[in-house]
Amino acid sequence: MILRDKIISRAQGEGRAYLMEHECKEILEKQGLSTTGASAVQTREEAVELSSRIGYPVVLKVLSPEVVHKSDAGGVKLNLKSAAEVERAFDEIERAFAGKKLAGVAVQKMASPGLEAIIGVNRDPTFGPVLMFGLGGIFVEVLKDVSFRILPVTGKDIDAMLREIRGYTLLKGYRGRSVDLPALKELLLKVSELVLCYPEIKELDLNPVFLYEDGNIIVDARIFLDETVPVDPISAPERERTSLRGLFYPESLAVVGASDTPGKLGWNVFDNLLRHQFPGKLYPVNINAKTVQGVPAVASVHEIEGPVDAAVILVPAAHTTGAFRECCEKGIKYIIVESAGFAETGEDGKDIEQELQELAKTYRCRFVGPNCSGIINTQHRMVQSIGTVGELRRGNIGLIAQAGVYAAGMLWGVRHTMDFAIVATIGNKADLNETDMLEHLGEDDHVEVICMYLEDVKTGRRFVDVAGQVTARKPVIILKTGRTEAGKKAVSSHTASLAGNDLVYDAAFRQAGVIRARDNEHMFGLARAFSRQPLPGGDGAMVISYTGSLGVATADALSMNGMKPAELDGQTHRRLEEILPPFVGPQNPVDCTFDLHAQQLREIIEVGLQSDNISSFVAILQAEILQTYVEELKKIDFRGKPILLCVPCKEFAISEVITLEQAGFPVYATPEQAVAALSAMRHYAVNKCEQHC
Ligand code: ADP
Ligand code: MG
């Protein structure tokens with residue numbers, strides 16, 4: 001609900017973009033929040049009179065539309081204990097601010113000391129209003145110990161944002177003192193509500209708020225207004241939602257710009273479609289050719305008899321509008337513009353993009369790109385990639401990539417160890433964006449884990465909502481670049497988009513339950529585990545190693561990631577003793593040295609599988625004899641418990657690694673990488689349960 005407030009209207013009427021402390025506090029008190037007071041006086045007599053009514057000690061502060069930082073200029077007089085002190089303070093403030101426009105002097109009660117906190121809201125260009133919480137003083141200024149959430153927030157979001165700060169222990173209680181967490185939570189929720197009700201509030205800053213064992217009090221407040229009420233990403237009109245099934249599973253496909261000349265992109269795309277045996281009807285469209293790669297061609301989509309579900313456009317940017325219009329006229333509802341040379345190159349390109357947007361609106365069709373590498377759907381044997389792609393196994397991983405060449409380029413290699421269901425590239429996102437794709441992949445049952453490579457997010461709040469719904473069903477792992485200023489420059493010249501603030505992205509991802517990857521290796525490492533192994537049902541892992549040192553490193557990594565090497569119960573202990581060589585102690589990590597041959601590995605795992613304490617396995621194997629393990633591992637019935645493998649120097653045993661991966665056993669180069677994947681799976685399982693159990 002959008003509300004009008006007379007204080008805000010008055011300030012705007014006076015051409016002010018800044019609300020003074022007493023004005024802010026009046027608004028806050030109306031919201032039911034407790035503050036040190038919002039009274040202003042004009043004379044020293046009034047100051048004395050009000051002080052005796054409030055009760056000493058009191059605080060006097062300068063109130064001026066020209067003073068933002070009151071204490072810097074001597075405008076805050078604390079702990080005044082008598083009428084004489086109040087009079088002196090009043091005079092001092094008047095003298096110090098003689099040259100400024102004074103709105104009066106605030107008289108308020110002196111709050112008793114508490115734990116200082118800072119609460120703020122600002123508007124992010126991508127995500128709209130963002131709530132911030134941190135502990136005051138050095139925690140904020142030096143340690144930058146703050147957390148963010150995108151508004152609106154739920155009570156659970158607030159719990160999570162409080163837990164996220166490093167100073168959480170201080171809130172929760174130390175040396176017998178704690179903070180009234182329910183009252184703090186209510187304060188944060190009310191502040192959020194306030195900002196959503198008054199969209200003119202551009203920035204709000206409560207600094208400090210004193211937190212007590214019982215309740216809290218807002219000691220200082222500032223609000224900045226926006227002259228133009230921004231259209232928040234929350235309320236920005238969304239295009240009506242269309243099913244994207246026809247885009248991902250078309251039964252007929254026109255390829256405008258399909259080429260008979262090897263080396264051209266139009267050749268690559270058509271070759272991919274033929275080579276992967278696209279199951280529907282294929283129509284190459286080329287004004288200069290009678291056939292393309294042996295398939296009869298037409299000069300225009302108008303010549304195609306019967307309906308066409310989707311079209312790929314590969315002609316040069318300058319000819320795109322014409323080709324696009326013809327597709328629209330033909331009644332094609334999904335168009336994939338792979339050509340480059342649009343907004344990413346300059347103003348002319350932007351204009352063409354706009355023409356495409358208008359055509360799409362007029363003809364009620366949806367399009368992908370421009371400047372992308374199309375869609376790959378192995379479940380539909382449809383490969384539209386601009387790079388030629390060899391055999392692809394059908395899999396359950398979804399990949400959404402902003403950059404076309406990124407996806408096309410990676411696929412050549414990663415297809416050996418990752419099996420994709422869908423790869424969707426989105427390019428300049430002139431129409432369909434990352435959120436639309438995520439929504440579809442979330443609903444597509446062939447996709448069980450989703451990776452996204454993003455440079456920015458187009459629809460802030462909608463992204464958080466959609467991602468939140470998808471992560472409740474399947475894991476979403478995102479690699480977001482453009483984190484630094486240098487990165488941002490590269491991004492804007494690359495896909496014509498401006499990156500938002502990285503901390504806010506981080507908050508949005510957490511809020512939606514998204515796993516944020518550090519780099520490609522990390523993202524793909526997580527995806528390999530999620531796509532091939534079940535989620536661990538507990539924190540305890542059995543570590544089996546051929547080297548003690550890496551066993552210890554694994555144990556460390558587990559502990560540092562909220563998991564642990566499982567405790568061995570008496571029976572497991574005895575069973576291990578029976579099968580281990582005499583020089584190996586039955587403990588966890590199990591260090592077998594060079595005796596960790598394949599059969600030994602299987603026997604140890606089978607003992608571990610019988611223990612309830614053990615919910616997952618990390619096995620550190622020798623690259624030299626890697627080929628010997630796969631058959632024994634395949635014999636094991638893991639009964640829903642995951643296993644991840646660590647093979648030091650795995651890059652030198654790549655064909656054996658591929659065999660293991662394809663048999664369903666993810667392989668990592670270091671214990672830390674293996675545990676990063678395992679613990680991400682565990683955290684995902686716990687979060688999912690917290691949300692839905
Ligand atoms: P500024 O505009 O400089 O931020 P503040 O109103 O925050 O001014 O005052 C500066 C400091 O003085 C606060 O951080 C707080 O520690 C203290 N202070 C201000 N008002 C009060 C009050 N009513 N009771 C107790 N301490 C106060
Ligand atoms: Mg302050």
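Restricting K61, K77 to those that are within 12 Å of ligand 1 (Cβ to nearest atom), at pLDDT 95 or above and either under 14 Å from R88 (Cβ atoms) or touching a Phe, Trp or Tyr at 6+ places or on another chain (Cβ under 6 Å) (or both) reduces the list to K77.
Taking residues in region 191-219 that are at positive phi and in contact (Cβ under 8 Å) with a residue 60 or more places away in the chain, and partners anywhere that are open to solvent by less than 50 Å² (accessible area, probe 1.4 Å) and more than 14 Å from ligand 2 (Cβ to nearest atom), the pairs with Cβ atoms closer than 7 Å and at least 6 places apart or on different chains are G215/D180; G215/A183. Of all residues in region 616-631, those that are in contact (Cβ under 8 Å) with a residue 40 or more places away in the chain and surrounded by fewer than 23 Cβ atoms within 10 Å (Cβ to Cβ) total 1.
Provide a single number: the residues in region 318-375 that are hydrophobic (A, V, I, L, M, F, W, C) and open to solvent by 20 Å² or more (accessible area, probe 1.4 Å).
First, pick out the residues of region 318-375 that are hydrophobic (A, V, I, L, M, F, W, C): 318, 323-324, 327-328, 332, 335-337, 340, 342-343, 352, 356, 359-360, 365, 367-368, 372, 375.
Now restrict to residues that are open to solvent by 20 Å² or more (accessible area, probe 1.4 Å): 318, 340, 352.
Within region 318-375, residues that are hydrophobic (A, V, I, L, M, F, W, C) and open to solvent by 20 Å² or more (accessible area, probe 1.4 Å) number 3.
Within region 656-693, how many residues are among the hydrophobic types (A, V, I, L, M, F, W, C) and more than 17 Å from I477 (Cβ to Cβ)? Residues flagged as among the hydrophobic types (A, V, I, L, M, F, W, C) and more than 17 Å from I477 (Cβ to Cβ) within region 656-693 amount to 9. Only one of the listed residues (G640, G608) is touching a residue at least 24 places away in the same chain (Cβ under 8 Å), on the phi > 0 side of the Ramachandran plot, out of contact with any His (no Cβ under 6 Å at 6 or more places or on another chain) and open to solvent by less than 60 Å² (accessible area, probe 1.4 Å). That residue is G640.
Only residues that are out of contact with any helix residue (DSSP H, G or I) (no Cβ under 6 Å at 6 or more places or on another chain) and surrounded by fewer than 22 Cβ atoms within 10 Å (Cβ to Cβ): list them for region 547-561, please. Walk me through it before giving the result.
Restricting attention to region 547-561, the residues satisfying the condition of being out of contact with any helix residue (DSSP H, G or I) (no Cβ under 6 Å at 6 or more places or on another chain) are 547-549, 551-552, 555-556, 559-560.
Matches in region 547-561: T547, G548, S549, V552, A555, D556, S559, M560.
Does V41 satisfy the condition of being farther than 19 Å from N207 by Cα and of a type in the set (A, V, I, L, M)? For V41, the condition - farther than 19 Å from N207 by Cα and of a type in the set (A, V, I, L, M) - is met. Within region 267-299, the residues that satisfy the criterion of being surrounded by fewer than 16 Cβ atoms within 10 Å (Cβ to Cβ), of a type outside the set (A, V, I, L, M) and part of a loop (DSSP other than H, G, I, E, B) are Q277, P279, N288, K290, G294.
Within region 300-309, does at least one residue satisfy the condition of being more than 25 Å from N371 (Cβ to Cβ) and either in contact with a Leu (Cβ under 6 Å, 6 or more places away or on another chain) or open to solvent by less than 30 Å² (accessible area, probe 1.4 Å) (or both)? Yes; the residues of region 300-309 include at least one that is more than 25 Å from N371 (Cβ to Cβ) and either in contact with a Leu (Cβ under 6 Å, 6 or more places away or on another chain) or open to solvent by less than 30 Å² (accessible area, probe 1.4 Å) (or both).
Counting only helices (runs of 4 or more DSSP H) that fall entirely inside region 1-79 and contain at least 2 residues that are buried (at least 19 other Cβ atoms within 10 Å of the Cβ) and of a type in the set (G, A, S), the qualifying elements are 44-54.
When each of A663, A669, A685, A677 is tested for being open to solvent by less than 10 Å² (accessible area, probe 1.4 Å) and either without any contact (Cβ under 8 Å) to a residue 24 or more places away in the chain or under 18 Å from R528 (Cα atoms) (or both), the lone residue that passes is A677. Pairs meeting the criteria (first residue in region 2-25 and of a type in the set (G, A, S), second residue within 16 Å of ligand 1 (Cβ to nearest atom) and not in a loop (DSSP other than H, G, I, E, B), beta carbons under 8 Å, at least 6 apart or on different chains) are A11/Y18; A11/L19; A11/E23; A17/F224. Of all the criteria given as (1) farther than 20 Å from L274 by Cβ; (2) of a type in the set (D, E, K, R); (3) over 30 Å from the mean Cα position of the chain (by Cα); (4) modelled with pLDDT of 95 or more, the one not satisfied by E347 is (4). Summed over region 534-561, the residues that are over 17 Å from N613 (Cα atoms) and assigned to a strand (DSSP E or B) give a count of 1.
State which residue is least open to solvent (accessible area, probe 1.4 Å) when the search covers only region 101-126 and only residues that are modelled with pLDDT under 90 and part of a loop (DSSP other than H, G, I, E, B).
Within region 101-126, the first condition is being modelled with pLDDT under 90, and the residues that meet it are 122-126.
Checking which are part of a loop (DSSP other than H, G, I, E, B) leaves us with 125-126.
Values: P125: 119, T126: 15 Å².
That would be T126.
With respect to the conditions (1) in contact (Cβ under 8 Å) with a residue 24 or more places away in the chain; (2) under 32 Å from the mean Cα position of the chain (by Cα), E651 lacks only one, and its number is (1). Q108 passes every criterion in (1) over 24 Å from E23 (Cβ atoms); (2) among the polar types (S, T, N, Q); (3) within 16 Å of ligand 2 (Cβ to nearest atom) apart from (1). Test R415 against the criterion of being open to solvent by 20 Å² or more (accessible area, probe 1.4 Å) and either among the polar types (S, T, N, Q) or modelled with pLDDT of 95 or more (or both), and give yes or no. For R415, the condition - open to solvent by 20 Å² or more (accessible area, probe 1.4 Å) and either among the polar types (S, T, N, Q) or modelled with pLDDT of 95 or more (or both) - is not met.
Let me confirm something: among V195, V179, which residue is more than 16 Å from ligand 2 (Cβ to nearest atom), open to solvent by less than 30 Å² (accessible area, probe 1.4 Å), modelled with pLDDT of 90 or more and touching a Pro at 6+ places or on another chain (Cβ under 8 Å)? Spell out how you get there, then give the answer.
On the way: V179 fails: touching a Pro at 6+ places or on another chain (Cβ under 8 Å).
Just a single option satisfies the conditions, and that option is V195.
In region 8-25, how many are more than 15 Å from ligand 1 (Cβ to nearest atom) and either within 19 Å of K190 (Cα to Cα) or touching a Cys at 6+ places or on another chain (Cβ under 8 Å) (or both)? Outline the logic, then answer.
Of region 8-25, the ones more than 15 Å from ligand 1 (Cβ to nearest atom) are 8-17.
Checking the rest, the ones that are also either within 19 Å of K190 (Cα to Cα) or touching a Cys at 6+ places or on another chain (Cβ under 8 Å) (or both) come to 8.
So the answer is 1.
The values are calculated or read from the model by the stated rules, or taken from the named source; none is laboratory data. Source: prediction; values computed, not measured. Cβ atoms come from the backbone with ideal geometry, glycine included; neighbour counts cover every protein chain shown. Accessible surface areas use protein heavy atoms only, side chains included; no ligands, DNA or RNA. Shrake-Rupley method; radii C 1.70, N 1.55, O 1.52, S 1.80 Å.
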